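All remarks here apply to the structure that follows.
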Amino acid sequence: LLNAGNQTTQNLLMNLVHQLITTGLWARVRADRALVPVAIEESLRLTPPIQYGVRRPLADTEVGGCPVRAGEPVVLSNLAANRDARIWGEEN
């Protein structure tokens, strides 16, 4: 249990630092600490520490027009959902 919470926090922090450095925003966020919450939210959206999950429906259903039988695994991608151009625009 202790390791599970540690790994997601570690991944979030490393993804955030990597994004800030590679986008050239590190100095800007350091200069204006009010940007830290926004930077964290964007890091969670663009590179979440948990990138996918698997779920199994309890009953037959349909997802995005595709039939899914009860008990059949469905992979949920946080990466795909958080880059939906209908929500976030084309620049993702």
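The values are calculated or read from the model by the stated rules, or taken from the named source; none is laboratory data. The structure displayed is predicted, hence computed values, not measured ones. Counting neighbours? That spans all protein chains shown, and the Cβs are built from the backbone with ideal geometry, glycine included. Note: areas computed on protein heavy atoms with side chains; ligands, DNA, RNA excluded. Shrake-Rupley method; radii C 1.70, N 1.55, O 1.52, S 1.80 Å.
For the reader, a short list of remarks on this structure follows.
- Correct option for Kirkwood radius over Cα pairs in Å [calculated from the coordinates] among (i) 15.6; (ii) 13.8; (iii) 13.0: (i)
- Angle in degrees between helix 36-46 and the longest Cα principal axis of the chain, rounded to the nearest 10: 40
- Averaged over its residues, the chain has an accessible area of 78 Å² per residue, based on protein heavy atoms and a 1.4 Å probe.
- For the range 7-92: relative contact order, % (alpha-carbon pairs under 8 angstrom, 6 or more apart): 24
- Electrostatic dipole magnitude of the range 8-92 [Cβ: Lys, Arg +1; Asp, Glu -1; Cα centre; debye, to 20]: 260
- Carbon + sulfur, % of accessible area of the chain - ligands and nucleic acids excluded, 1.4 Å: 60
- Net lengthening on full extension, Ala34/Val63 (0.36 nm per residue, minus Cα-Cα): 6.5 nm
- GluC sites (Glu not before Pro), loop per DSSP, at most 14 other Cβ atoms within 10 Å - longest free stretch of the chain: 1-89
- With Cα atoms, 0 to 90° folded angle of helix 2-23 axis to the chain main axis: 60
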